[in-house]
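Take a look at the following structure, please.
The values are calculated or read from the model by the stated rules, or taken from the named source; none is laboratory data. None of the values given here were measured: they were computed from a predicted structure. Heads up, the Cβs are rebuilt from the backbone with ideal geometry, glycines too, and the neighbour counts pull from every protein chain shown.
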Amino acid sequence: MTITEATPPHHSTSPFPKVREKMGRRFAYGFLILSIAPILVGYSWLVIATFSIRTEGLLPRNAEGGIGGFTLSNWAFITDDAVWNAMLNSFLIAVTMVIGVGVASTAGGYALSRMKFAGRKVFLTGTLVLHAFKAEMLLIAIFFVLRWLGGIPLIGGFIGFNSVGGVALVMIALELPLGIWLMKGFFDNLPWDMERAALIDGASRFRVWWQIMLPQVRPGLAALSLFTFISGWNAYLVPFTFTVGTRVANMPVFLSQLISDTAPTNWNLVAAVGMFQMIPLIIFFIFTQELLLNIYAGGSKGT
Amino acid sequence: MTQPLEKEAQAGAAAGTSGVPRRTLLRRVRSTATAYGFLVPTMALVLTFFVIPGILLLILSFTNLASVNFGDPWNFIGFANFERLFTDRFFPKILRNTVFYVFTTLILFNLGLALVLAIVTTNIPRRAGFFFRLVWLLPRLTPSVVYILMWRRIGQAEPYGIYNQLFPEFLGASGGNLFLGGSPWTFVILTNGFVGASFGMIIFTSALLSIPEDLLTAAKVDGASAWRIIRDIKLPLIKWPLLFIATYQTLSLLTSFEYILLLTEGGPGLFTTEVWALTAYKRAFATYAGNSQWAFGATWAIVLVTVALFFAVIYVKLFKFDELVEEPRIDNL
């Protein structure tokens, strides 16, 4: 007791620990600022380029080569139908994913968290292996599966190769292991008294899940939905691989088409389209900070 | 509080059902059926996009299917693809690239920098730490195409490149393109590392913050230096998250290629930054003289899938997941 009072860390009478602490803190901030410098530089360029005729490094240049040249002309694409088509595709992919991942993970997570059945262990381990295992390697084979799905009468056109639905389905499957794992964790943390009472009263499992459990996991579902939306909105590899042309291109694919065209690239236009694509993400970033930083931490609690 | 209740309920259930085994069986079948009902969407998706593609990939690797003979019946050619793979002139280079890429990125960024960031941001005022972690999360949230666009701009040749403008004669900057010239690997590792580090950072931060405060205070009172507190108290206490990130990220890096595809496409020149996963993808989807070699791409993929599955199984074993597979608390009322 007396010892702790004699040397409390922040009321030290000796100047040296204080100096050392101050030095340490300066060093820490210096390191952190240095570490985020490339990120800040990258974003600064994006914003600057969006509003200039051309850029050299981080400097906007006007026609004479001096500094300046502010323009809004890069944003003229706003009136282009192709952009809005890509935006719509991005949105459809993201929303379909939120719904699909949400339904499958809350249902599957509930069963794995609350029910005892033959094969449960296989399911849990399987989900975990899939969660660890990156599915990008299966794209070659998924290509054939999608072509086959596309051959199904009536619905084939909506879920096959080169369709928004097909891309969304593949993306749902890729996100599912993480989703189930997170939702199972959220269900595990819920008290079971209410659920038990309802079951004793004769409610069906489905009703219990829908009316009692779902309202309680709403925060977890919100976090999962947020992340699913972002990964759907940003999806590049899957739509790039499984779509052809501009009709079904989403925003990232549309953007990459602007770059890979054989004609010289207008980088400032590319920057503006990239910026445009990031608007929803910036909104999420500003308003859901805590959620963004905590989902991974929450999801890995079980491990 | 719930503990005795739970036990009582279990005892009651056991006593009530032991006398009527047939009803128990029926009940068990019914409850399994209900559980599978909840799992229908999951099973359909896993079957369609994991199980069937996995089997298909294996079958494909024994054929010579390509876009030129698409439509013909599949022609099985035995282990020819595997032979071709292991005798490929660039096989040693691709293998070396993959090992170099995975472990350099893992050690420097996904594990190393992630740990440093977590320790540093938890040792400064809470709000400041939160701010820096949030900025570090940005690359992960940025669409990959836009993210790589920024890095390409940083590494571009004069007069457009940002690095060349800021440091005209410093650290290898010669005015030329950096990611397709002077230092492609630096850029490949930086682009991947800046995304990869944030995952570990978040996990380590929450692990560090859950270390009991009195433990650290006691060490400080005993006169332990900051370095010793980190080495002897903090690191041993976050051993499991460290191991988890190490295995998990090894797997992620091993099979990821999106940023490399967007940044260098495996170039400059022949296979300079090409990793295994990218080779598999390019063989199957990038056309060589108008021909997509699906089967050969599948062969590269199936070898990598096998390695990845091996790692995944180790990771499941390593983290003692039987603890998570414990029996559910509610069942059979």
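Taking interchain pairs and intrachain pairs at least six residues apart, which have beta carbon atoms under 6 angstrom, with the first residue in the stretch B:146-163 and within 8 Å of chain A (Cβ to nearest Cβ) and the second surrounded by 22 or more Cβ atoms within 10 Å (Cβ to Cβ) and among the polar types (S, T, N, Q)?
B:W151/B:T191
If you don't mind, another one. Output the residues belonging to the stretch B:66-89 that are surrounded by 13 or more Cβ atoms within 10 Å (Cβ to Cβ) and not in a helix (DSSP H, G or I).
B:A66, B:W74, B:I77, B:D88
Ok, one more. Only one of these is surrounded by 18 or more Cβ atoms within 10 Å (Cβ to Cβ), touching a residue at least 40 places away in the same chain (Cβ under 8 Å) and touching a Pro at 6+ places or on another chain (Cβ under 9 Å): A:L139, A:L224, A:L169. Name it. Let's see the steps before the verdict.
On the way: A:L224 fails: touching a Pro at 6+ places or on another chain (Cβ under 9 Å); A:L169 fails: touching a Pro at 6+ places or on another chain (Cβ under 9 Å).
Of A:L139, A:L224, A:L169, the one residue that is surrounded by 18 or more Cβ atoms within 10 Å (Cβ to Cβ), touching a residue at least 40 places away in the same chain (Cβ under 8 Å) and touching a Pro at 6+ places or on another chain (Cβ under 9 Å) is A:L139.
Please identify the pairs in which a residue from the stretch B:192-219 that is more than 10 Å from every other protein chain (Cβ to nearest Cβ) has its Cβ atom under 7 Å from the Cβ atom of a residue that is basic (K, R) and surrounded by 17 or more Cβ atoms within 10 Å (Cβ to Cβ), counting only partners at least 6 apart or on another chain.
B:V195/B:R140; B:L208/B:K234; B:I211/B:K234
Separate question: Checking B:I211 against (1) of a type in the set (V, I, T); (2) surrounded by fewer than 17 Cβ atoms within 10 Å (Cβ to Cβ); (3) assigned to a helix (DSSP H, G or I): exactly one of these is not met. Which one?
(3)
Let me ask something else. If you go through the stretch A:49-73, how many residues are within 14 Å of chain B (Cβ to nearest Cβ), among the polar types (S, T, N, Q) and outside any helix (DSSP H, G or I)? Please lay out each step first, then the result.
First, the residues of the stretch A:49-73 that are within 14 Å of chain B (Cβ to nearest Cβ): A:49-50, A:52-61, A:65-67.
Filter again for among the polar types (S, T, N, Q), leaving A:50, A:52, A:55.
So of that shortlist, the ones also outside any helix (DSSP H, G or I) come out as A:52, A:55.
The total comes to 2.
Same structure again: Which is without any contact (Cβ under 8 Å) to a residue 12 or more places away in the chain, assigned to a helix (DSSP H, G or I), β-branched (V, I, T) and facing chain A (nearest Cβ under 7 Å), of B:V51, B:V135, B:V29, B:V99?
Numbers: B:V51 fails: facing chain A (nearest Cβ under 7 Å); B:V29 fails: facing chain A (nearest Cβ under 7 Å); B:V99 fails: facing chain A (nearest Cβ under 7 Å).
So the residue among B:V51, B:V135, B:V29, B:V99 that is without any contact (Cβ under 8 Å) to a residue 12 or more places away in the chain, assigned to a helix (DSSP H, G or I), β-branched (V, I, T) and facing chain A (nearest Cβ under 7 Å) is B:V135.
Can you pull out the residues in the stretch A:99-118 that are free of Cβ contacts under 8 Å to residues at least 40 places away in the same chain and either under 13 Å from B:V46 (Cβ atoms) or part of a helix (DSSP H, G or I) (or both)?
Taking the stretch A:99-118 as the starting set, the residues that turn out to be free of Cβ contacts under 8 Å to residues at least 40 places away in the same chain are A:99, A:103, A:111, A:116-118.
Listed by number, the residues that qualify are A:I99, A:V103, A:A111.
Per-residue answers, yes or no, for (1) touching a helix residue (DSSP H, G or I) at 6+ places or on another chain (Cβ under 6 Å); (2) surrounded by 13 or more Cβ atoms within 10 Å (Cβ to Cβ); (3) not assigned by TED's automatic domain parsing to the domain that holds A:Q277:
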position	(1), (2), (3)
A:I36	yes, yes, yes
A:T50	yes, yes, yes
A:I53	no, yes, yes
A:G57	yes, yes, yes
A:A63	no, no, yes
A:I67	no, no, yes
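Somewhere in the stretch A:181-202, is a residue free of Cβ contacts under 8 Å to residues at least 60 places away in the same chain and buried (at least 23 other Cβ atoms within 10 Å of the Cβ)? I'd like the intermediate steps shown before the answer.
Keep residues of the stretch A:181-202 that are free of Cβ contacts under 8 Å to residues at least 60 places away in the same chain, which gives A:189-191, A:193-194, A:196-202.
Add one more test, that the residue is buried (at least 23 other Cβ atoms within 10 Å of the Cβ), and what stays is none.
Looking for residues that are free of Cβ contacts under 8 Å to residues at least 60 places away in the same chain and buried (at least 23 other Cβ atoms within 10 Å of the Cβ), one finds none in the stretch A:181-202, hence no.
Next up: Answer with yes or no whether A:V253 is more than 9 Å from chain B (Cβ to nearest Cβ), buried (at least 22 other Cβ atoms within 10 Å of the Cβ), assigned to a helix (DSSP H, G or I) and at pLDDT 85 or above.
Working: more than 9 Å from chain B (Cβ to nearest Cβ): no; buried (at least 22 other Cβ atoms within 10 Å of the Cβ): yes; assigned to a helix (DSSP H, G or I): yes; at pLDDT 85 or above: yes.
It is false that A:V253 is more than 9 Å from chain B (Cβ to nearest Cβ), buried (at least 22 other Cβ atoms within 10 Å of the Cβ), assigned to a helix (DSSP H, G or I) and at pLDDT 85 or above.
Mind counting the residues in the stretch A:112-129 that are surrounded by fewer than 20 Cβ atoms within 10 Å (Cβ to Cβ), touching a helix residue (DSSP H, G or I) at 6+ places or on another chain (Cβ under 6 Å) and more than 7 Å from chain B (Cβ to nearest Cβ)?
The qualifying residues number 0.
Also, quick follow-up: Checking the conditions here, which among B:V102, B:V46 is under 21 Å from B:A277 (Cβ atoms), at pLDDT 85 or above and either buried (at least 18 other Cβ atoms within 10 Å of the Cβ) or of a type in the set (V, I, T) (or both)? It would help to see each step written out before you state the result.
Details: B:V46 fails: under 21 Å from B:A277 (Cβ atoms).
Only one candidate passes the filter, namely B:V102.
If I ask for residues that are more than 8 Å from every other protein chain (Cβ to nearest Cβ), closer than 28 Å to B:L251 by Cβ and aliphatic (A, V, I, L, M), which ones from the stretch A:83-111 would you list?
Within the stretch A:83-111, A:I93, A:A94, A:M97, A:V98, A:V101 qualify.
Would you call A:V248 within 8 Å of another protein chain (Cβ to nearest Cβ), over 30 Å from A:P219 (Cβ atoms) and among the β-branched types (V, I, T)? Give the derivation first.
Numbers: within 8 Å of another protein chain (Cβ to nearest Cβ): no; over 30 Å from A:P219 (Cβ atoms): yes; among the β-branched types (V, I, T): yes.
Judged against the criteria, A:V248 is not a match.
Is it the case that some residue within the stretch B:230-253 is more than 10 Å from chain A (Cβ to nearest Cβ) and not in a helix (DSSP H, G or I)?
The answer is yes; a qualifying residue exists.
While we're on this one: Restricting attention to the stretch B:102-132, which residues are outside any helix (DSSP H, G or I) and within 10 Å of chain A (Cβ to nearest Cβ)?
Taking the stretch B:102-132 and keeping what is outside any helix (DSSP H, G or I), we get B:122-125.
Within the stretch B:102-132, B:N123, B:I124, B:P125 qualify.
Same structure, new question: Please work out if A:W75 is in contact (Cβ under 8 Å) with a residue 12 or more places away in the chain, farther than 30 Å from A:L128 by Cβ and surrounded by 18 or more Cβ atoms within 10 Å (Cβ to Cβ).
Details: in contact (Cβ under 8 Å) with a residue 12 or more places away in the chain: yes; farther than 30 Å from A:L128 by Cβ: yes; surrounded by 18 or more Cβ atoms within 10 Å (Cβ to Cβ): no.
Criteria not met by A:W75.
Quick check on A:M137: is it part of a helix (DSSP H, G or I), facing another protein chain (nearest Cβ under 7 Å) and out of contact with any Cys (no Cβ under 9 Å at 6 or more places or on another chain)?
Details: part of a helix (DSSP H, G or I): yes; facing another protein chain (nearest Cβ under 7 Å): yes; out of contact with any Cys (no Cβ under 9 Å at 6 or more places or on another chain): yes.
For A:M137, the condition - part of a helix (DSSP H, G or I), facing another protein chain (nearest Cβ under 7 Å) and out of contact with any Cys (no Cβ under 9 Å at 6 or more places or on another chain) - is met.
Keeping to the stretch B:173-198, report how many residues are modelled with pLDDT under 75, over 10 Å from B:G155 (Cβ atoms) and within 31 Å of the chain's Cα centre (by Cα).
0
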